[in-house]
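Below is one structure, written out as structure tokens; the observations come after it.
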Amino acid sequence: MGKEKAEEEIVCLSPLFPLLYLSPLSYLSPLPPKKLHKNNYMAKPKLTDKKPFMTTTALLSWMLPLAALLAVGIILVVFESDYLFKVQELNLFLYTPLFFKQQLVVSGGFLTWLGCYFTQFFYHPALGVTLLCLWWALLMWLFKRTFRIANRYSALLLLPLALMVITDVDLGYWIYYLKFRGHFFATTVGFCLSLAVVWAYRCLPVRWHLRTAFIPVAVALLYPVAGVYALIAAIVMAVMSWVVNDSVASKVTDCIVALLSVAAVPLLFYRMVFVQTSIENIWFTGMPLFLMPDRYPAYYTPWIVMTALMAVLALTVRVSVPAKPRRPLLFWSSQLVLVGCVAFATWHFWYKDRNFHHEIRMYHCIDNQDWEGVLSEYRSMDADEEPTRMMWMMKNLALTRLGRAGDEMFRYKNGDAPCNAPFLVRLTQTGGKQLYFNYGKVNFCYRWCLEDGVEYGWRVDFIKYLLKCSLVNGELVAAKKYMDILKQTKYYAGYAERYEAYIRNPKLIAKDSEFATIAHYMDAKDVLTSDNTLVEIFLLNMFSNEDSSDPLYQEQTLLAALQQKDIQLFWPRFFHYAQIHQGERMPTHYQEAAYLYGHLENQVDISNMPFDEEVKSNYEGFMALAQQNAGLTEEQLKPILYPMYGGTFYYEYFLIRNQKSY
């Protein structure tokens, strides 16, 4: 009975088959409906009819992209962990509805929110890199599906991977100045959304003008979320329309609609929704602006190349590929050349400045009160490397904390290597805040945290120092505010809770080892003046022109006078230091300066001063060797005198000149 009933149902439905064939639903399939027969309509499909999720050939085609992805991930974790940690320090993600709403006030704000969310996981660099590699894998998969790239052309998938890697590792000092946050992930996510939209456009049927209607709708929906990546998708759809559409009218129509969408959609949202974006930037929202204040168009190259690559591949979606290459040797040779070119380009554009990485590692060591780590990093420079002024100041801070500045300051190579950036880098944006705080100038640290927070966006690093400055100044209400902000983060809630006891019991602030040391450098007359962004010069002038009965502060005034090579400032600081430290050994560099100045001017009687024999012998040897080479310039003298006297104040005084601070 069951079989007869099933046959009756088939007979009853048979008059509807022509209607189903003519219905609009039939157009959703590119193939005509198969003819049904009552004898096999209810038959179960055979196991042999099932298509595998991925063939062996397809699996093998992913070996090269995944191997490249794994190699990039390992390199990032092994060689760029400090850089990635710094990136998340200059990021901020709060688990609050208000933070989410604040990001959506501009188009592409969702990308910022999502990018900031994933960037915070660089707190554990391996975890952050794993998430980033997963996004890159998704990008390559979408790239392959959208443009129907054949399995044996899998080397092409290395192109989008390399471009995304370059956007992240070619930044250098831009990480301090970019106002667009979450950039590490936002670019990849943005292109993923663009590819998904283009893929959907290609898969839509030609009839009923679905593709034409899809273009403005997709751009209008994607632009508030992804900004410029919606416009990139529109451009690629305009190019693809000349290939996937059959009639000339539909090709022209889709192209015109796409271009009009690019022009009109940002303007409409600017007039009606996103009023906080300047009109000249409405076509570039969702991507970083390399502006300082001049534009640096070279940094937009990955975006331009990626868009051009997508447009070119859009013209090939209907190109048939033979089962096997006609010339296997030529084909595989070209693939190897492509892989080699991509690898070389990625390596070439990878930012490899060693001083940049030295500065980041030394910054982290100071944050962790690892003073020996600061010195170890400074000593790790190669012989042909020259330190930046920021590195020199960090090294001096570490020696001061260890009580060895008077003996070892000039035993480390001095230099003024410029920051490897196409624009002028200021110490106030890189390490100035940290230096100000550790030298007790908390108002200057606070000031620059606020200014840069307004200018470049609030960051975890700024809020940490705002919290500590407020605690040291006894501003507990302000400290509570910054503490509450850090509690809304994933990885710095514990950092804030560490200081929560100080709010309840302010007496604990003076007992904190870090704050207790900084208190020695805090001047009761601390007045906020202008430093003209020249942190080093400002600190040297301020300390050298002051005096104090506090041993730590007073020694800092002597060190500042020593570095300025000002004889008139040196002697009062020197004698005061000797008075405070009666019965103690005089550090070597202070002896060297006194011995040198005593011989240069003969205004102070040094005959009764107990100089070390090494100090006197080094002076005599230095002067004798310099006299033997009297006809040489200072640059020619340096390699002659440095091996024997490079660690003395004599070498510093005569041969280290005109250091350019920033």
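The values are calculated or read from the model by the stated rules, or taken from the named source; none is laboratory data. Note that the structure is predicted; figures quoted are calculated from it, not measured. Here the Cβ is made from the backbone with ideal geometry for all residues, glycine too, and neighbour counts use every protein chain on show. Surface areas here come from the heavy atoms of the whole protein model, side chains and all, with no ligands, DNA or RNA. Shrake-Rupley method; radii C 1.70, N 1.55, O 1.52, S 1.80 Å.
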Inset, instruction - Could you work out how far helix 567-580 tilts from the main Cα principal axis of the chain, as a 0 to 90 degree angle to the nearest 10? - result: 80 degrees
Legend entry - Rel. contact order, % - alpha carbon contacts under 8 angstrom, at least six apart, the chain: 12 percent
Inset, instruction - Could you tell me whether the stretch 132-289 comes out rounded, prolate or oblate from its Cα gyration tensor? Rule is a ≥ b ≥ c as square roots of the eigenvalues, rounded for a/c under 1.5, then prolate if a/b exceeds b/c, otherwise oblate. - result: oblate
Inset, instruction - Can you pull a Stokes-Einstein diffusion coefficient for the stretch 247-294 at 20 °C (1.002 mPa s), Rh from Kirkwood over Cα pairs, as a whole number of µm²/s? - result: 168 µm²/s
Legend entry - Rg to Rh, two decimals, where the stretch 197-256 supplies the alpha carbon set and Rh follows Kirkwood: 0.95
Inset, instruction - Taking the convex hull of the Cα atoms, report for the chain its projected area averaged over all directions, in nm². - result: 43.1 nm²
Legend entry - Residue-span extension gain [ARG145 to LEU508] - 0.36 nm each, minus C-alpha spacing: 124.6 nm
Inset, instruction - With N set to the residue count of the stretch 290-424, report its C-alpha Rg divided by 2.2 N^0.38 Å to two decimal places. - result: 1.71
Legend entry - Over the chain: helical MRE at 222 nm, DSSP H runs n ≥ 4 each giving -39500 (n - 2.57), nearest 500: -19500 deg cm²/dmol
Legend entry - Exceeding the 20 Å Cα-Cα cut-off - candidates LYS395/LYS433; LYS395/LYS441; LYS481/LYS511; LYS395/LYS660; LYS179/LYS490: LYS481/LYS511; LYS179/LYS490
Legend entry - Per-pair calculated FRET efficiency, R0 = 25 Å: LYS179 and LYS101 via Cβ, rounded to 0.05: 0.85
Legend entry - Spin-label model distance (nm) - SER376 vs PHE331, 7 Å beyond Cα toward Cβ: 5.4 nm
Legend entry - Residues of the chain: accessible area per residue with a 1.4 Å probe, Å²: 49 Å²
Inset, instruction - Treating the angle as unsigned and between 0 and 90°, give the value, to the nearest 10°, between the Cα long axis of helix 125-146 and the longest Cα principal axis of the chain. - result: 30 degrees
Inset, instruction - Please work out whether the stretch 241-350 counts as rounded, prolate or oblate from its C-alpha gyration tensor, where a ≥ b ≥ c are the square roots of the eigenvalues and a/c under 1.5 means rounded, while otherwise a/b larger than b/c means prolate and anything else oblate? - result: oblate
Inset, instruction - Would you kindly state how much longer the chain becomes between SER247 and ILE567 on full extension, computed as 0.36 nm times their sequence separation minus their alpha carbon distance, in nm to one decimal? - result: 106.5 nm
Inset, instruction - Just check the stretch 443-516 against the gyration tensor rule for me: Cα atoms, a ≥ b ≥ c as the square roots of the eigenvalues, rounded for a/c under 1.5, and otherwise prolate or oblate depending on whether a/b exceeds b/c. - result: oblate
Legend entry - Centroid-to-centroid separation of the stretch 253-274 and the stretch 486-522 [C-alpha atoms, Å]: 51 Å
Legend entry - Principal-axis tilt of helix 248-272 within the chain, Cα atoms, nearest 10 degrees: 40 degrees
Legend entry - Exposure rank, largest accessible area first [MET644, MET409; 1.4 Å]: MET644, MET409
Inset, instruction - Report the label-to-label distance for ILE75 and ALA213 in nanometres (one decimal), using points 7 Å from each Cα along the Cα→Cβ vector. - result: 4.8 nm
Legend entry - Simple label model, 7 Å out from Cα along Cβ direction - ASP294 to PHE611, nm: 5.0 nm
Legend entry - FRET efficiency estimate (nearest 0.05) - Cβ-Cβ, SER320 to GLU386, R0 51 angstrom: 0.30
Inset, instruction - For an R0 of 22 angstrom, estimate the FRET efficiency from the Cβ-Cβ distance between HIS520 and GLU546 and round to the nearest 0.05. - result: 0.95
Inset, instruction - For the stretch 135-240, with all protein chains present and a 1.4 Å probe, just round the carbon and sulfur fraction of the accessible area to a whole percent. - result: 70 percent
Inset, instruction - Note down the relative contact order for the stretch 169-265 as a percent, whole number, built from C-alpha pairs under 8 angstrom at least six residues apart. - result: 27 percent
Inset, instruction - Using only C-alpha positions, report the orientation-averaged shadow area of the convex hull of the stretch 158-233, nm², one decimal. - result: 5.8 nm²
Legend entry - Residue-wise HN-Hα coupling along the stretch 604-621, computed from phi with Karplus coefficients 6.51, -1.76, 1.60 (Hz; x: Gly, Pro): 10, 7, 10, 5, 9, 7, x, 7, 5, 4, 5, 4, 6, 5, 5, 5, 5, x
Inset, instruction - Please compute P(r) over all alpha-carbon pairs of the stretch 344-442, binned at 5 Å starting from zero, and give each bin as a whole-number percent. - result: 2, 12, 23, 24, 19, 10, 5, 2, 1, 0
